[in-house]
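I'd like to ask some things about the structure below.
The values are calculated or read from the model by the stated rules, or taken from the named source; none is laboratory data. Being a predicted model, the structure only gives us computed values, none of them experimental. No Cβ is skipped: glycine too gets one built from the backbone with ideal geometry, and neighbour counts run over all protein chains shown. Please note that ligands, DNA and RNA were not included when accessible areas were found on the heavy atoms of the full protein model with its side chains. Shrake-Rupley method; radii C 1.70, N 1.55, O 1.52, S 1.80 Å.
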Amino acid sequence: MISVAEARAQLFALIDPLGVETVPLRAAAGRVLARDVAATRTQPPFDASSMDGYAMRRAEVEPDAMFKVVGEAAAGHGFDGRIGPGQCVRIFTGAPVPDDADFVVIQEDVTRRGTLITLNRDMDTKDNIRPAGGDFSAGDVMHAPRRLTSTDIALLASMNIAQVPVTRRPTVAIMATGDELVMPGETPGPDQIIASNTFGLAAMLDAEGAQTRLLPIAKDTESALTTAFGLARGADLIITIGGASVGDHDLVAPVADALGMQQSFYKVAMRPGKPLMAGRLGDAAMIGLPGNPVSALVCGTIFVVPVVRAMLGLEAAAPAPLWATLAAPLPQNGPREHYMRASVGTDGLRAFDSQDSSLLSVLSRANALLVRAPHDPPRSIGETVPYLPL
């Protein structure tokens, strides 16, 4: 068996970031920016008023001063005349500040009668002007790689970027194996159960930006598995679930080997998820996950999600742990790295009593995976421990 860190490193070695495609800005949210992009304009492109008020020369601003209103500037409609001594322009938020003005007095600080205004004695001394380029200037860069958020999309729009270079989304073929499985909605036989792992894993990877394909359930025969691998052709990543151990009915590895898989490793020193397999099959990376539901989804969190992120051009890195204090004691850990289903709340972090790798109900209630190193000593209430949020 190899360590979790070594397994993750070997998985990263199996893949490279995918190619670049250009998508409309409207379709770029959640995608990964693949190349740096530069602003094509300055924002704001002119000195702009930040308040409704009157634009004038600062040198003339003093309590009780009177000014004649000689025009108006609104957003999208600037004032193109001149402002002489003792004159001002009615201005609204977002409007260009006239060239002759360098101060905007807010409308609450004046008294107006017809075309004349009088400044109040107690005035705000702020100029209320947003300078040109105060947000960004033409040529300023948004750096790649980054997953584009809603605020990034707004910034790109303001930068006048209509087409965005993003990393192609990886196609992930997910294959459940086993005579015991039927699809949700079907009626299982007396010795069968409902396939759940593929749906949970697909939801997990779709949220990361992958394009997932759920293949038909492959029965425990060489011919069925060979057919299923054929249906996975064209995928960037093939995920098999179940059949990766060495029992009489575990045929995934020998069938994949017969099809030319170059195995990277088999078995990882972790709980749950020891029977993990990885390699390359043709043009695709391949990861063989354990069949137990919790094992499959925990391995999805620890290994598959980081691989998908790396394929998208993001940093090839382990999930970043958070830290919390224990709300209940823990016994000494065994020789494998343990990812315990846990709940973190205001009272701290508490592992569930049952850690059986078949219990999806426990995993569904968990919002954390408590991470324990091999041979981690007993832990007491109040000690700080690492966890991964779910």
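Give segment 28-69 a look and list any residue that's aliphatic (A, V, I, L, M), outside any loop (DSSP other than H, G, I, E, B) and open to solvent by 50 Å² or more (accessible area, probe 1.4 Å), or say none. Full working, then the answer.
Narrowing segment 28-69 to residues aliphatic (A, V, I, L, M): 28-29, 32-34, 37-39, 48, 51, 55-56, 59, 61, 65-66, 69.
Then keep just the ones that are outside any loop (DSSP other than H, G, I, E, B); that gives 32-33, 37-38, 48, 55-56, 59, 66, 69.
If the condition is that a residue be aliphatic (A, V, I, L, M), outside any loop (DSSP other than H, G, I, E, B) and open to solvent by 50 Å² or more (accessible area, probe 1.4 Å), then Ala59, Met66 are the ones that fit.
With the structure loaded, tell me whether Ser343 is surrounded by fewer than 23 Cβ atoms within 10 Å (Cβ to Cβ), without any contact (Cβ under 8 Å) to a residue 40 or more places away in the chain, in a helix (DSSP H, G or I) and not β-branched (Val, Ile, Thr) or whether it fails that test. Before you say what the answer is, go through the steps one by one.
Working: surrounded by fewer than 23 Cβ atoms within 10 Å (Cβ to Cβ): yes; without any contact (Cβ under 8 Å) to a residue 40 or more places away in the chain: yes; in a helix (DSSP H, G or I): no; not β-branched (Val, Ile, Thr): yes.
Taking the combined requirement at face value, the residue does not satisfy it.
Same structure again: Could you list, in sequence order, all residues of segment 274-288 that are open to solvent by 10 Å² or more (accessible area, probe 1.4 Å) and under 22 Å from Gly334 (Cβ atoms)?
Here is the first cut: in segment 274-288, the residues open to solvent by 10 Å² or more (accessible area, probe 1.4 Å) are 274-275, 280-283.
Lys274, Pro275 - these are the residues of segment 274-288 that are open to solvent by 10 Å² or more (accessible area, probe 1.4 Å) and under 22 Å from Gly334 (Cβ atoms).
Out of Arg233, Arg213, which single residue is free of Cβ contacts under 8 Å to residues at least 60 places away in the same chain, touching a strand residue (DSSP E or B) at 6+ places or on another chain (Cβ under 6 Å) and not hydrophobic (A, V, I, L, M, F, W, C)? First the steps, then the outcome.
On the way: Arg233 fails: touching a strand residue (DSSP E or B) at 6+ places or on another chain (Cβ under 6 Å).
Only one candidate passes the filter, namely Arg213.
Considering only segment 137-181, state which residues are farther than 30 Å from Ile194 by Cβ and either assigned to a strand (DSSP E or B) or in contact with a Pro (Cβ under 6 Å, 6 or more places away or on another chain) (or both). Step through it out loud before you land on a result.
Initially, segment 137-181 is screened for residues farther than 30 Å from Ile194 by Cβ, giving 137-168.
Listed by number, the residues that qualify are Val141, Met142, Arg146, Arg147, Gln163, Val164, Pro165, Val166, Thr167.
Regarding Val32, is this residue hydrophobic (A, V, I, L, M, F, W, C) and touching a Pro at 6+ places or on another chain (Cβ under 6 Å)? Lay out the reasoning, then the answer.
Numbers: hydrophobic (A, V, I, L, M, F, W, C): yes; touching a Pro at 6+ places or on another chain (Cβ under 6 Å): yes.
Yes.
State yes or no: is Phe103 open to solvent by less than 20 Å² (accessible area, probe 1.4 Å), in contact with a Lys or Arg (Cβ under 6 Å, 6 or more places away or on another chain) and closer than 12 Å to Tyr54 by Cα? Even if it seems obvious, please write down each step before you answer.
Numbers: open to solvent by less than 20 Å² (accessible area, probe 1.4 Å): yes; in contact with a Lys or Arg (Cβ under 6 Å, 6 or more places away or on another chain): yes; closer than 12 Å to Tyr54 by Cα: yes.
Taking the combined requirement at face value, the residue satisfies it.
Would you confirm, using the coordinates I've provided, whether Pro98 is part of a loop (DSSP other than H, G, I, E, B), more than 30 Å from Glu208 (Cβ to Cβ), open to solvent by 20 Å² or more (accessible area, probe 1.4 Å) and out of contact with any His (no Cβ under 6 Å at 6 or more places or on another chain)? If you could, list the steps in order and put the result at the bottom.
Numbers: part of a loop (DSSP other than H, G, I, E, B): yes; more than 30 Å from Glu208 (Cβ to Cβ): yes; open to solvent by 20 Å² or more (accessible area, probe 1.4 Å): no; out of contact with any His (no Cβ under 6 Å at 6 or more places or on another chain): yes.
Spelling it out, it is not the case that Pro98 is part of a loop (DSSP other than H, G, I, E, B), more than 30 Å from Glu208 (Cβ to Cβ), open to solvent by 20 Å² or more (accessible area, probe 1.4 Å) and out of contact with any His (no Cβ under 6 Å at 6 or more places or on another chain).
Within the bounds of segment 77-87, is there any residue that is within 21 Å of Ser50 (Cβ to Cβ), modelled with pLDDT of 95 or more and exposed (fewer than 13 other Cβ atoms within 10 Å of the Cβ)?
Within segment 77-87, one or more residues are within 21 Å of Ser50 (Cβ to Cβ), modelled with pLDDT of 95 or more and exposed (fewer than 13 other Cβ atoms within 10 Å of the Cβ).
Yes/no per residue for (1) within 16 Å of Cys299 (Cβ to Cβ); (2) buried (at least 16 other Cβ atoms within 10 Å of the Cβ):
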site	(1), (2)
Ala202	yes, yes
Asp206	no, no
Gln211	no, no
Leu214	no, yes
Asp220	no, yes
Ala235	no, yes
Ile239	yes, yes
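Any idea how many residues of segment 289-315 are out of contact with any Pro (no Cβ under 8 Å at 6 or more places or on another chain) and either open to solvent by less than 10 Å² (accessible area, probe 1.4 Å) or among the hydrophobic types (A, V, I, L, M, F, W, C) (or both)?
Residues that pass the stated criteria total 6.
Might you check whether a residue that is open to solvent by 10 Å² or more (accessible area, probe 1.4 Å), under 23 Å from Gly282 (Cα atoms), at pLDDT 95 or above and not hydroxyl-bearing (Ser, Thr, Tyr) occurs anywhere in segment 181-200?
Checked against the condition, which is being open to solvent by 10 Å² or more (accessible area, probe 1.4 Å), under 23 Å from Gly282 (Cα atoms), at pLDDT 95 or above and not hydroxyl-bearing (Ser, Thr, Tyr), segment 181-200 yields no hits at all.
A follow-up question, please. Got at least one residue in segment 7-15 being at positive phi and in a loop (DSSP other than H, G, I, E, B)? Please lay out each step first, then the result.
If we filter segment 7-15 for residues that are at positive phi, which is where we start, we get none.
Scanning segment 7-15 turns up no residue that is at positive phi and in a loop (DSSP other than H, G, I, E, B).
Now, a different point. I'd like to know if segment 253-263 contains one or more residues that are in contact (Cβ under 8 Å) with a residue 40 or more places away in the chain, open to solvent by 10 Å² or more (accessible area, probe 1.4 Å) and either of a type outside the set (S, T, N, Q) or farther than 25 Å from Glu180 by Cβ (or both).
no
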